[in-house]
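The values are calculated or read from the model by the stated rules, or taken from the named source; none is laboratory data. All of these numbers come straight from a predicted model, not from anything done at the bench. So basically every Cβ, Gly included, is an ideal-geometry build from the backbone, and we count neighbours across all protein chains shown.
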């Protein structure tokens, strides 16, 4: 058996201090439970305290995660919810030692829907108690939703990438065209800004079926950049989600009235997206080491980023 590297020992120590069981640590780090026990003795750490009694099936935080997974992320059953939790935790474990310098090389990609008439969710407004809502405090609704645009883009340490309208139902073939055109144009821009070669960059996409289709995987495998594996339900980990929120807030805040139609909405999206600065992207990318640690401490659950 090969000796453990210092990185793996440090990872085991981290989990021990977080109160993880031998079995869970062994599974995450891919060592035996006896190895974990030996490391604990070497470090002089106390054994986990068994409080006795039958533990609850779910903690309060796990209950919240399960509800959010089913109601927001569209997971259909307990097996999918558990897989989502384990994938989040596993991804954070594999990058626990990454510094900001490592994350600087990642190109984060994703899709999002932008509505012509604001958010799909709740809106809030201040009002005087006992008085009715005023017109400016009410978001009007439109029959059939008023229209929306599904967009794809990416961000990196060097700023936002090209943004593209991908249609209502993006297929694997459309996604491949997006990668071949808009991703590569974004990559060329990032190379120019950073002075780095293609092979230095890491492309991140989630495990959506169209992202992992054979025709897409074949093309990605032929490229010089590395492709990072990523869990499908991991909104708290992907900093581009923060940029989508920023985009939608500014679309709502910067204009006095909704767009007259889809074409005007698209013009506003492009104008607002390209005004996002590299510094704004960096602010969220800098938080990646903390995000990974937070997911591990939360046992793979949502962390509120």
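Worth a mention:
- Of all the criteria given as (1) assigned to a helix (DSSP H, G or I); (2) modelled with pLDDT of 80 or more; (3) crowded, with 16+ Cβ neighbours inside 10 Å, the one not satisfied by residue 4 is (1).
- Of the residues making up the stretch 258-274, not a single one is within 20 Å of residue 107 (Cβ to Cβ), at pLDDT 90 or above and within 16 Å of the chain's Cα centre (by Cα).
- In the stretch 180-210, the residues that are out of contact with any strand residue (DSSP E or B) (no Cβ under 9 Å at 6 or more places or on another chain), assigned to a loop (DSSP other than H, G, I, E, B) and closer than 24 Å to residue 158 by Cβ: 195, 196, 197
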